[in-house]
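One structure is given here, and the rest of the page talks about it.
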There are 2 protein chains.
Amino acid sequence: MCIEDIHFRREWHPARSVGHRCLARGLSDIAAMGGEPLACFLSLAIPSDLPQRWVKDFMGGLLHLANLFRTPLSGGDTSAAEKITADIVVLGQVPAGAALLRSKARPGDRICVTGELGESPATLERLYSGEKISATTSNRHFYPTPRIEVGRWLRKNKLATAMIDISDGLSVDLAHICQESRVDGVVHLEAIPIAKGADLSLALHGGEDYELLFTAPKSAKLPKRIGGVPITEIGEILAKRTKQTTVRSIDSAGRLKPLRPAGWEHFSRN
Amino acid sequence: MCIEDIHFRREWHPARSVGHRCLARGLSDIAAMGGEPLACFLSLAIPSDLPQRWVKDFMGGLLHLANLFRTPLSGGDTSAAEKITADIVVLGQVPAGAALLRSKARPGDRICVTGELGESPATLERLYSGEKISATTSNRHFYPTPRIEVGRWLRKNKLATAMIDISDGLSVDLAHICQESRVDGVVHLEAIPIAKGADLSLALHGGEDYELLFTAPKSAKLPKRIGGVPITEIGEILAKRTKQTTVRSIDSAGRLKPLRPAGWEHFSRN
């Protein structure tokens with residue numbers, strides 16, 4: 001769901017970016033399972049005084065991305081509402097039994113991420129601080145590219161054991177994998193690929209980067225890039241030591257600390 | 001989509017009814033194509049101060065209906081919002097080429113409806129007038145039963161040429177069939193099955209009854225009831241006389257009048 005003043009603001013986000021982000025969020029969930037997107041469905045509710053131009057640009061952004069990933073808009077609903085509300089459902093497929101789940105990470109696996117982390121939350125911080133930012137297509141906050149190709153490649157080559165997309169933040173999404181796989185995790189802070197303009201905290205806890213976080217067996221031969229997207233090893237999966245799953249970080253001096261799931265909570269700022 | 005103060009009001013509609021109506025609306029679209037529902041997906045956005053009890057009852061109503069029609073809730077999303085916003089997508093299937101469309105009505109076909117019309121808008125009128133109404137399960141406004149069985153039966157027995165569900169009102173939805181089939185239509189006003197408490201105007205223009213409106217060849221042997229639901233012939237399809245499709249009504253005195261699509265517009269009252 002993309003809801004005005006919750007997930008975007010009309011004064012910050014061009015309509016084209018809102019349409020793009022809305023579909024990208026759904027495609028990213030398909031990517032995270034190694035899936036092929038098949039079709040998308042849009043429910044759009046808008047205030048009666050919304051300029052037609054806004055809707056046109058929103059649809060332009062959405063359909064451009066839909067076209068890029070061959071995911072035809074195949075149905076939906078429209079309604080009136082007080083705040084712009086867009087809900088996207090993306091239908092995808094994988095061969096039976098081949099979906100990459102969150103629950104299959106095993107002790108000894110490496111923890112890897114695609115791309116760089118923190119650009120999206122860093123941009124949002126600047127927007128909150130009052131800065132005017134032009135929505136360039138290269139900025140992952142405004143125009144995130146879902147990692148469909150990487151997800152598909154990892155699934156086809158059976159190189160990942162578990163996968164998730166980083167929508168809530170690395171610390172939160174890694175905790176999901178560890179909890180559902182009943183394992184512990186350690187993240188090497190100095191290994192985390194931090195996007196330009198971001199910092200370690202945003203890379204760890206910032207959301208909406210829509211990169212992939214996956215685990216791969218120690219023996220798996222991972223390329224440095226998949227479809228042009230850098231792959232970085234940032235930690236490893238360990239056997240669970242206590243009843244509760246723990247994820248820890250380790251810094252350059254070798255100090256271990258708990259890495260608490262602290263997603264960058266956009267709701268709380270509203 | 002079901003949006004608070006647009007499609008329902010918290011003081012009028014118990015949460016259980018809102019959950020039921022939300023899914024019923026989606027199932028009714030599947031029924032209208034003669035489809036088998038397979039799965040549903042729910043996106044639910046709620047205000048932070050909404051009592052947990054409301055969500056529990058909403059889900060209770062939705063899941064009860066989902067269970068009845070073997071349509072497992074298979075995914076979705078949650079979010080914060082100012083107004084309760086629920087979006088349902090229902091996935092259904094039909095054998096390839098067998099879907100009942102709006103575009104296949106032919107001159108000479110009979111026009112038929114299931115059940116009785118007007119109960120839902122009549123109830124809404126009473127709610128608008130300030131009346132307190134208890135949400136009984138037999139009231140189609142609060143607990144509409146989607147006509148999945150009738151739709152499936154008509155599709156299997158190849159007895160319908162075109163079909164739609166009456167969500168916007170008979171006059172509007174019949175106009176959709178006539179326009180998409182490029183035919184004219186005549187409705188016999190005295191044949192329309194009017195629900196208790198409703199009147200002809202509500203039966204013609206009231207929405208959200210979720211009965212089926214279909215066309216059947218003159219030669220088709222239609223039963224009086226399908227799965228216990230009465231089937232009533234209310235008119236016939238004619239060849240188009242002018243460039244524009246026209247739907248007319250004929251009263252007991254034989255007077256013909258244009259039947260203008262005048263859906264009962266709930267938005268306009270807000």
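Between 0 and 90 degrees, rounded to the nearest ten: what's the tilt of helix A:52-68 against the longest Cα principal axis of chain A?
Taking the Cα atoms of chain A, the angle to A:52-68 is about 40 degrees.
Once every DSSP H run of n ≥ 4 in chain B is given -39500 (n - 2.57) and the sum is divided by its residues, what mean residue ellipticity at 222 nm do you get, rounded to the nearest 500 deg cm²/dmol? If you can, show how the numbers build up before the last one.
Values: 6 runs with 71 residues, N = 270.
Calculated at 222 nm, the ellipticity per residue is -8000 deg cm²/dmol.
Going 7 Å from Cα along the Cα-Cβ axis for the label, what nanometre distances separate B:Pro95 from the same residue across the other copies?
Spelled out, the distances from B:Pro95's label point are 3.1 nm.
Between B:Gly108 and residues 5 or more places away or on another chain, which pairs have amide H atoms under 5 Å apart, with H built 1.01 Å from N, and which residues are they?
B:Ile237, B:Leu238, B:Ala239
Placing a label point 7 Å from Cα toward Cβ, how far apart in nm is B:Pro258 from its equivalents in the other copies, listed shortest first to one decimal?
So the label point of B:Pro258 gives 7.2 nm to the other copies.
Can you tell me which of B:Ser171, B:Ser134, B:Ser17 moves the most in a GNM of chain B? Springs connect C-alpha atoms under 10 Å apart.
B:Ser134
Calculate, in whole percent, how much of the Cα-Cα pair population of region B:126-181 lies beyond 17 Å. List each step's numbers first, then the result.
Values: 910 of 1540 pairs.
Roughly 59 percent, rounded to a whole number.
Apply the Karplus curve 6.51 cos²θ - 1.76 cosθ + 1.60, θ = phi - 60°, to the phi angles in region B:127-135 and return the couplings in whole Hz, x for Gly and Pro.
Result, ordered by residue: 5, 4, 6, x, 5, 8, 10, 7, 7 Hz.
In angstroms, what radius of gyration and Dmax does the protein assembly as shown have, counting Cα atoms only?
So, for the protein assembly as shown, Rg and Dmax equal 26.6, 95 Å respectively.
Using the Cα gyration tensor of chain B, with a ≥ b ≥ c the square roots of its eigenvalues, what is the shape: rounded (a/c below 1.5), prolate (a/b larger than b/c) or oblate (neither)? If you can, show how the numbers build up before the last one.
Details: a/c = 2.06, a/b = 1.50, b/c = 1.38.
Judged from the Cα gyration tensor, chain B comes out prolate (a/c at least 1.5, a/b above b/c).
For A:Gly76, enumerate residues with amide H under 5 Å from its amide H, sequence gap 5+ or separate chain, H modeled in the peptide plane.
For A:Gly76, whose amide H was placed from the backbone, the distant partners under 5 Å are A:Leu42.
In nm², what is the average projected area of the convex hull enclosing the Cα atoms of region B:2-93? List each step's numbers first, then the result.
Values: hull surface 22.0 nm².
Here the figure is 5.5 nm², rounded to one decimal.
Roughly how big is region A:22-80's charge dipole about its Cα centre, with Cβ charges of +1 (Lys, Arg) and -1 (Asp, Glu), in debye to the nearest 20?
On the way: 4 positive and 5 negative charges, 29 e Å.
With Lys and Arg at +1 and Asp and Glu at -1, about 140 debye.
I need the inter-copy label distances for B:Ser219: point set 7 Å along Cα to C-beta, values in nm with one decimal, smallest first.
Here the equivalent label points are 6.8 nm apart from this one.
Using only alpha-carbon positions, what ratio does the radius of gyration of region B:151-194 give when scaled by 2.2 N^0.38 Å? Numbers along the way, then the final one.
Numbers: Rg = 11.8 Å, N = 44, 2.2 N^0.38 = 9.3 Å.
Taking N as the residue count of region B:151-194, the ratio is 1.27.
Non-local amide H neighbours of B:Ile226 (under 5 Å, H modeled in plane, Pro and chain starts lacking H): which ones?
B:Ile231
Could you tell me which of rounded, prolate or oblate describes region B:126-270, using a ≥ b ≥ c as the square roots of the eigenvalues of the alpha-carbon gyration tensor, with rounded for a/c under 1.5 and, failing that, prolate when a/b is larger than b/c and oblate otherwise? Write down the numbers at each step before the final one.
Values: a/c = 1.82, a/b = 1.23, b/c = 1.48.
Oblate is the answer for region B:126-270, as a/c is 1.5 or above yet b/c matches or exceeds a/b.
Give the distance, in whole Å, between the Cα centre of region B:55-134 and the Cα centre of region A:41-72.
Cα centroid of region B:55-134 versus Cα centroid of region A:41-72: 24 Å apart.
Every number here is computed from the coordinates shown, using simple stated rules; none is lab data. These numbers were taken from a predicted model, which means no experiment stands behind them. Using ideal geometry, Cβ is built from the backbone for each residue, glycine included, and neighbour counts are taken over all protein chains shown.
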